[in-house]
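The values are calculated or read from the model by the stated rules, or taken from the named source; none is laboratory data. Everything numeric here is computed off the predicted structure, so don't read it as measured data. Heads up, the Cβs are rebuilt from the backbone with ideal geometry, glycines too, and the neighbour counts pull from every protein chain shown.
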Amino acid sequence: THFGYRDVPEADKARLVGEVFTSVARKYDVMNDLMSFGVHRLWKRYFVATSGVRAGDRVLDLAGGTGDIAALLLPKVGERGSVVVGDINRDMLRVGRDRLLDRGFARGLDWSQMDAEALPFPDRSFDCVTMAFGLRNVTHKERALAEIHRVLKIGGRALVLEFSAVRAEFLKPLYDFHSFQVLPRIGRLIAGDESSYRYLAESIRKHPDQETLKAMMEAAGLERVDVRNLSAGIVAIHRGYRV
Ligand code: SAM
């Protein structure tokens, strides 16, 4: 069960990540709530509330398969705006689309399978690109960031919500215990899948911290990049502009 993604050749990684998300797509919600004590909903709400997205905006929500971010964005873009949900995994897109249809969201939404590393849009297509808990899973993050920059209009915003480095010392042992002891057990009990959640904990540790991701966004051409920590840095919002 100690499935080491680190040892897997690059070419296979994308496929394996795809399979992880297929296996968890259905239990995704329950798991997110259990793992984060429901707090992921607050993080997402705050992420969109502070996004600066306005009526009429055209927004791309990358790795948006669950539809969580899109559902929050739609009321903001209003009648004249639109949201494209892009995800590499067909099952995630299907689950998200069905769920949002059930909630009465259809208008202004477009669901499309795509790889964040090679976006199927012309340059300067969007006012805003959001990516929540997705960048971590991308093999070549610098490619995805360059693509995000490319498809942004001048003055457009890139917004990344992602796990980051915990900044409060007292929290670190608790957080480690939760990640490496509790999380895989919840994964086994609820999703019948321990290795996926072991991978999740590992991928969070390997993900670039606040300063590293900020530098990566700047290297991709984004400007005025700033970082906001939520829950003491368990997650962070990175924001950058195309100028
Ligand atoms: N944004 C959603 C949310 O916050 O609820 C979903 C987050 S989920 C943890 C990560 C998503 O990233 C999955 O749906 C997965 O299919 C997608 N993903 C992984 N690699 C990707 C890539 N290279 N391009 C686009 N999406 C990708």
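Note down all Cβ pairs under 7 Å where the first residue falls in segment 79-106 and is in contact (Cβ under 8 Å) with a residue 60 or more places away in the chain, the second is within 15 Å of the ligand (Cβ to nearest atom) and assigned to a helix (DSSP H, G or I), and they're at least six residues apart or on different chains.
Going by the 7 Å Cβ cut-off, the qualifying pairs are I88/G18; N89/G18; N89/F21; N89/T22; D91/T22; M92/F21.
Residues that are at pLDDT 95 or above and touching a His at 6+ places or on another chain (Cβ under 6 Å): does segment 191-213 have at least one?
yes
Does segment 101-110 contain at least one residue that is modelled with pLDDT of 95 or more and in contact with a Leu (Cβ under 6 Å, 6 or more places away or on another chain)?
No, that holds for no residue.
Please work out if R150 is at pLDDT 95 or above, within 11 Å of the ligand (Cβ to nearest atom) and either closer than 27 Å to V235 by Cα or surrounded by fewer than 21 Cβ atoms within 10 Å (Cβ to Cβ) (or both).
No, not satisfied.
Going through segment 112-140 one residue at a time, which ones are surrounded by 17 or more Cβ atoms within 10 Å (Cβ to Cβ) and either among the basic types (K, R) or over 21 Å from A158 (Cβ atoms) (or both)?
Across segment 112-140, the qualifying residue is only R136.
Identify the residue in segment 50-65 that is buried (at least 24 other Cβ atoms within 10 Å of the Cβ) and of a type outside the set (A, V, I, L, M) and, among all such residues, is nearest to the ligand (Cβ to nearest atom).
G65
Among the residues of segment 77-101 satisfying the criterion of being part of a helix (DSSP H, G or I) and more than 16 Å from the ligand (Cβ to nearest atom), which is surrounded by the most Cβ atoms within 10 Å (Cβ to Cβ)?
Out of the qualifying residues, it is V77.
Find all pairs meeting these conditions: Cβ atoms under 8 angstrom apart; at least six residues apart or on different chains; first residue within segment 43-72 and more than 16 Å from L100 (Cα to Cα) and in contact (Cβ under 8 Å) with a residue 24 or more places away in the chain; second residue surrounded by fewer than 21 Cβ atoms within 10 Å (Cβ to Cβ) and aromatic (F, W, Y).
Correct list of pairs: L60/F121.
Is there a residue in segment 124-146 that is free of Cβ contacts under 8 Å to residues at least 40 places away in the same chain and assigned to a helix (DSSP H, G or I)?
Checked segment 124-146: at least one residue is free of Cβ contacts under 8 Å to residues at least 40 places away in the same chain and assigned to a helix (DSSP H, G or I).
Can you pull out the residues in segment 103-134 that are hydrophobic (A, V, I, L, M, F, W, C), touching a helix residue (DSSP H, G or I) at 6+ places or on another chain (Cβ under 6 Å) and within 14 Å of the ligand (Cβ to nearest atom)?
Across segment 103-134, the qualifying residues are W111, A116, L119, F121, V129, A132.
Does segment 173-186 include one or more residues that are closer than 26 Å to N229 by Cβ and within 10 Å of the ligand (Cβ to nearest atom)?
no
Consider segment 35-49. How many of its residues are among the charged types (D, E, K, R) and more than 9 Å from the ligand (Cβ to nearest atom)?
Quick first cut of segment 35-49, residues among the charged types (D, E, K, R) only: 41, 44-45.
If we keep only those that are more than 9 Å from the ligand (Cβ to nearest atom) as well, we get 41, 45.
Residues flagged as among the charged types (D, E, K, R) and more than 9 Å from the ligand (Cβ to nearest atom) within segment 35-49 amount to 2.
Within segment 53-68, is even one residue assigned to a helix (DSSP H, G or I), closer than 20 Å to V151 by Cα and at pLDDT 95 or above? Explain how you work it out, then say what you get.
Step one: filter segment 53-68 for residues assigned to a helix (DSSP H, G or I), giving 68.
Going one step further and asking which of them are closer than 20 Å to V151 by Cα, we end up with none.
The answer is no; no qualifying residue exists.
Of the residues L230, L200, L171, which single one is among the hydrophobic types (A, V, I, L, M, F, W, C), farther than 15 Å from M131 by Cβ, under 16 Å from the mean Cα position of the chain (by Cα) and surrounded by fewer than 18 Cβ atoms within 10 Å (Cβ to Cβ)?
L230
Would you be able to say whether some residue in segment 149-168 is assigned to a helix (DSSP H, G or I), closer than 25 Å to L119 by Cβ, in contact (Cβ under 8 Å) with a residue 40 or more places away in the chain and in contact with a helix residue (DSSP H, G or I) (Cβ under 9 Å, 6 or more places away or on another chain)?
yes
In segment 200-243, which residue that is hydroxyl-bearing (S, T, Y) and part of a helix (DSSP H, G or I) is farthest from H140 (Cα to Cα)?
So the first thing to find is which residues in segment 200-243 are hydroxyl-bearing (S, T, Y), and the list is 203, 212, 231, 241.
Next, only the ones that are part of a helix (DSSP H, G or I) stay: 203, 212, 231.
Values: S203: 14, T212: 14, S231: 27 Å.
My answer is S231.
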